[in-house]
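The values are calculated or read from the model by the stated rules, or taken from the named source; none is laboratory data. Computed from a predicted structure; not experimentally measured. With ideal geometry, Cβ positions are generated from the backbone for all residues, glycine too; neighbour counts draw on all protein chains shown.
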Amino acid sequence: MTTVRPPANQHRTSVRKPDDFERFWADLMAEANALPLDPAMTPVPLRSNDQVETFEIHYTSLDGLRIAGWYCRPRESALAPPYPALIVVPGYISEPTLPKQWAKAGYAAVGVAPRGKLRSNSRFDPGYPGLLIENIIDKNTYGYRGFYIDAARAVDFVRSRPEIDHSRIGVQGGSQGGALTLTTAALRRDVITCGAAGAPYLTGYMDAAALTRSYPYEEMNEYLRRYPEREEQMRATLDYYDCLNFAPMISCPMLISIGLGDDVCPPETAFDLLEVLGGPVDYNAWPRCAHDAGAFWEGASISGFLARHLHPIPVPST
Amino acid sequence: MTRPADFDAYWEAIDAELAAIDPAPALTETPLRSTERSTSYDLKLTSIGPYRIFAFLSVPNGEGPFPALLHSPRYGSVNNPPHWDDRQRYVVLTVMHRGQRLADTPFAADYPGLLTLGIESPDTWIYRGILADIMRGAEFLLSHPSVDPARVAIAGDDLGLIAAARRPGFATVNLTAPFLYRILEARLRTDAYPIEELNDYLAMYPDAADAVANTLSYFDPVAHAPSFQGTAILSEQDPGALNGPEWLEPLRSALGGPVIPYRLSHEGGTDHDALDAVLAKQLRVSPLPRLWPAAMKTIR
């Protein structure tokens, strides 16, 4: 039995906000903040050039895990610091970005590999498929618990760098990267200048899964087909991890990119997000675009939005 | 790109290596991904090396034979399991080549890094093994008893085209985006990964340029294309762009069978549904638009 699917912007979310949502995350952030960051940088000459220096980085996050990333910054001989920072957060099955192109544009850019991604998976590796449903009936051990913190800790890494202007820190990503953009902008709302989130995932989890059979949300449908009695436990966990509950904590300007034909992250959930974001919001909703969220055209919008708020100076060509 | 004098011998040696190794298929049903409409399996196969690779297999429930679809692995550590829509219509096989997750013991690929691993020689380049892995998956799918041998397709980048050229039996190739095609020219027009890996490598090792070109010549899709006699669905970018119609013309001309060009609109929903419909027509099944027009109350 089917019903007509209403326009995406008429959707009303089923997400609830737990009374102790802020306390839950404040406690986790406090736990992470108590750990020394212990940042490490190793030059990667193979991925560097006359304009950009590339480093493999590591830092410590929740539970003492060492988190990897790529750090690309303008070569000082080509462009003097300070640089604005851009934290680039990865999609679900994507490899962490080696952000050389952003560095050429003038950013000191970090491509984060949260736990479970390659190079950060020695102690936590639920795999793909797998991460989305890892301990999904327990908020205290759910797979995204440390994952969200790992992205937020990248802010601490950029704040440890003297070549970075700490008053200009942006965050950007699509899909899961869009979700991490939102959680990072919320958990580090004291220092994030702006964020650009494309086709945000982990937003209205339960509603999204009911609107699609595409992965990754299909992992939830598979789980519920097998364990239907666990639906309420799942919902109770996910309410602590839903970007719709992080969004009111965000105060910086945000750009949200939406594909109105997105089967992976249904656009209904993105419109729910627009309703609850705490700061100023720009958004572009692209008809007939899917999980690309209009990337062919939207790329320039994202670059322009970030540049308006972060004021990078492109590295001159040599 | 010049076809090497020992091109055929190079590929026949890979075929011989594969033929000499028992694929030892091991199927394990995965109830989590099985439904009343299809049954899913984890599959392990042995490829050259010997190396144990992994694949997701899904078979529609009911009376076969069914059309079949091989998903060639993407560039990256993860491939999604077959999509619900495909599992209803096709026997679907998604191969994880050596180094990708689920096929990462003992070798785990680096990203970036995989593209240039061993590229100084065609005998050491990692893609020699990767193509063998895809062909091993093709052999499994083409011989599966539930598969209608007249309706088998392969989808993905030009690794899929090479595999189809080497393993007769594919009626259709859905070439969604080139990867190795004209890559030494493409690298001069982009700084995006993974092609940027070649720029990194050749900047670090400029003396290796001739060796790299020689290695790539064995994998030139244009050299393989005449051997593929089926129908090729060819996605094209805008005129003048990388992978636009002029850029793809040498490949189109070299293909041994009919070509169905599709000009990408850059609207992901439009393009998905159009390409799904073209492939469905080739394999004589119903198209399935990806975005559901109605909220599915019975999804689970």
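A few notes on this one:
- Single residue of the stretch A:79-103 satisfying the filter (small (Gly, Ala, Ser), touching a strand residue (DSSP E or B) at 6+ places or on another chain (Cβ under 8 Å) and not in a strand (DSSP E or B)) that is nearest to A:Pro114 (Cα to Cα): A:Gly91
Quick grid of which residues meet (1) out of contact with any Pro (no Cβ under 7 Å at 6 or more places or on another chain); (2) surrounded by fewer than 17 Cβ atoms within 10 Å (Cβ to Cβ):
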position: B:Glu12; (1), (2): yes, yes
position: B:Arg33; (1), (2): no, no
position: B:Ser38; (1), (2): no, no
position: B:Thr46; (1), (2): no, no
position: B:Leu57; (1), (2): yes, no
position: B:Leu69; (1), (2): yes, no
position: B:Arg74; (1), (2): yes, no
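- For the stretch B:154-166, the set of residues classified as surrounded by fewer than 23 Cβ atoms within 10 Å (Cβ to Cβ) and either assigned to a loop (DSSP other than H, G, I, E, B) or touching a strand residue (DSSP E or B) at 6+ places or on another chain (Cβ under 8 Å) (or both) consists of B:Ala155, B:Asp157, listed by residue number.
- One residue from A:Arg230, A:Arg189, A:Arg161 being in contact with a helix residue (DSSP H, G or I) (Cβ under 8 Å, 6 or more places away or on another chain), modelled with pLDDT of 95 or more, over 18 Å from A:Pro266 (Cα atoms) and assigned to a loop (DSSP other than H, G, I, E, B): A:Arg189
- Within the stretch A:271-293, the set of residues being within 14 Å of chain B (Cβ to nearest Cβ) and small (Gly, Ala, Ser) comprises A:Ala285, A:Ala290, A:Ala293.
- Scoring A:Asn245 on the criteria (1) touching a residue at least 24 places away in the same chain (Cβ under 8 Å); (2) of a type outside the set (Ser, Thr, Tyr); (3) within 13 Å of chain B (Cβ to nearest Cβ); (4) out of contact with any Ser or Thr (no Cβ under 7 Å at 6 or more places or on another chain) leaves a single failure, condition (3).
- Evaluation of A:Tyr201 against (1) within 12 Å of chain B (Cβ to nearest Cβ); (2) closer than 20 Å to A:Phe21 by Cβ; (3) out of contact with any Lys or Arg (no Cβ under 9 Å at 6 or more places or on another chain) (one fails), failing number: (1)
- Scanning the stretch A:71-90 for residues that are in contact with a Ser or Thr (Cβ under 7 Å, 6 or more places away or on another chain) and surrounded by fewer than 24 Cβ atoms within 10 Å (Cβ to Cβ) gives A:Ala78, A:Pro90.
Here is a yes/no grid of residues against (1) within 14 Å of chain A (Cβ to nearest Cβ); (2) within 23 Å of B:Tyr75 (Cα to Cα); (3) exposed (fewer than 15 other Cβ atoms within 10 Å of the Cβ); (4) within 20 Å of the chain's Cα centre (by Cα):
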position: B:Ala186; (1), (2), (3), (4): no, yes, no, yes
position: B:Ile195; (1), (2), (3), (4): yes, yes, no, yes
position: B:Asp200; (1), (2), (3), (4): yes, yes, no, no
position: B:Phe219; (1), (2), (3), (4): no, yes, no, yes
position: B:Thr231; (1), (2), (3), (4): no, no, no, yes
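Conditions (1) in contact with a Leu (Cβ under 7 Å, 6 or more places away or on another chain); (2) among the hydrophobic types (A, V, I, L, M, F, W, C); (3) part of a helix (DSSP H, G or I), marked per residue:
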site	(1), (2), (3)
A:Thr181	no, no, yes
A:Thr184	no, no, yes
A:Leu202	no, yes, no
A:Glu219	yes, no, yes
A:Leu224	no, yes, yes
A:Tyr241	yes, no, no
A:Ala247	yes, yes, yes
A:Cys252	no, yes, no
A:Ile256	yes, yes, no
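- Residues that are farther than 21 Å from A:Asp292 by Cβ, loosely packed, with under 15 Cβ neighbours inside 10 Å and at pLDDT below 95 occur in the stretch B:252-264; there is at least one.
- Strands (runs of 3 or more DSSP E) lying entirely in the stretch B:40-104 (those with 3 or more residues that are more than 11 Å from chain A (Cβ to nearest Cβ), modelled with pLDDT of 95 or more and more than 19 Å from A:Ser214 (Cα to Cα)): B:51-60, B:66-71
- Matching residues in the stretch A:217-230 - criterion: being surrounded by fewer than 20 Cβ atoms within 10 Å (Cβ to Cβ) and touching a residue at least 24 places away in the same chain (Cβ under 8 Å): A:Arg230
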